[in-house]
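Heads up, the thing below is written out as structure tokens.
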Amino acid sequence: MPKVLVLYYSSYGHIEAMAYAMAAGAAGAGAEVEVMRVPETVPDAVARCAGFKTDQRAPIATVADLEGYDAIIVGVGTRFGRMASQMSGFLDQAGEIWARGALHGKVGGAFTSSATQHGGQETTLLSIIVNLLHFGMTIVGLDYGHAGQMTLDQVSGGSPYGATTVAGGNGSRHPSNNELAGARYQGRRIAEAAAKLSIRAPD
């Protein structure tokens, strides 16, 4: 049974919802799954004033947690076509894990959100994936087995690089059923790949 970590940062709850869909997909493939989030770096007063979702139930991750998993799925919203600084700063602290090759051969994946359909989703996914490749991970995206990413009859996220959602300019749009289905599909595919590629010693 592979161990899968869904690691996310979510200001307004869109990525949080996608994270739990990812987790459901991975669990459905038989994986042991944990959902964790990276620390918030915005001061509490600023976060409250900006309407951040502060009641997220996922525990806070530490860098040391990362090597305990066969797969890590990273989710974070886009900021001008790249990942938000909260996630970037967290991964920047993982130099010691990188130096030891602690994540070599493990499976990685990415998911994101943006305000608009053309708001930098794919470049943000790639900014995550580049980090995971430097850690030596094998990347699993959102393949076209999830045909919903090709829909033309509704606004929808989705990319072969990873599951995505469109939040709307004011954040009022929540992940659609199609977008959540994409996240569950990718989570399942990552868990299946981790089960085949796992190099973790037996417990």
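List of remarks:
- Taking every DSSP bridge with both residues inside the chain, close to 10 percent are antiparallel.
- Mean Cα-pair separation over length for the chain, i.e. relative contact order, pairs under 8 Å, 6 or more apart, %: 27 percent
- Residue-span extension gain [T116 to R57] - 0.36 nm each, minus C-alpha spacing: 18.6 nm
- Taking the fewest neighbouring Cβ atoms within 10 Å as the starting point, the ordered list for R188, R173 is R173, R188.
- Each Lys or Arg adds one and each Asp or Glu takes one away; over the other residues whose Cβ falls under 14 Å from the Cβ of Y8, this sums to -1.
- Neighbour counts of C-beta atoms inside 10 Å place H134, H118, H174 in the sequence H118, H134, H174, starting with the fewest.
- Between the stretch 1-33 and the stretch 55-97, the alpha-carbon centres lie 13 Å apart.
- For S159, residues with placed amide H under 5 Å, excluding near neighbours: T164
- Estimated FRET transfer efficiency when R0 is 41 angstrom, pair C49-V130 (beta carbons, to 0.05): 0.80
- Across the stretch 121-127, coupling constants 3J(HN,Hα) worked out from phi with the 6.51/-1.76/1.60 Karplus curve, θ = phi - 60°, read 4, 5, 5, 5, 4, 5, 5 Hz, and Gly and Pro carry x.
- The order of K196, K106, K53, K3, going from fewest to most other C-beta atoms within 10 Å of their C-beta, is K196, K53, K3, K106.
- About its Cα centre, the chain has a charge dipole of approximately 160 debye under the convention of +1 per Lys or Arg Cβ and -1 per Asp or Glu Cβ, with nothing else charged.
- At q = 0.12, 0.13, 0.18 Å⁻¹, base-10 log of I(q)/I(0) for the chain (Debye sum, equal scatterers on each alpha carbon): -0.53, -0.63, -1.23
Quick note: the coordinates plus some simple rules give every number you see, no bench work behind them. Bear in mind that the values here come from a model prediction, so they are computed numbers and not experimental data. Reconstructed Cβ throughout: ideal geometry from the backbone, glycine too, with neighbour counts over all protein chains shown.
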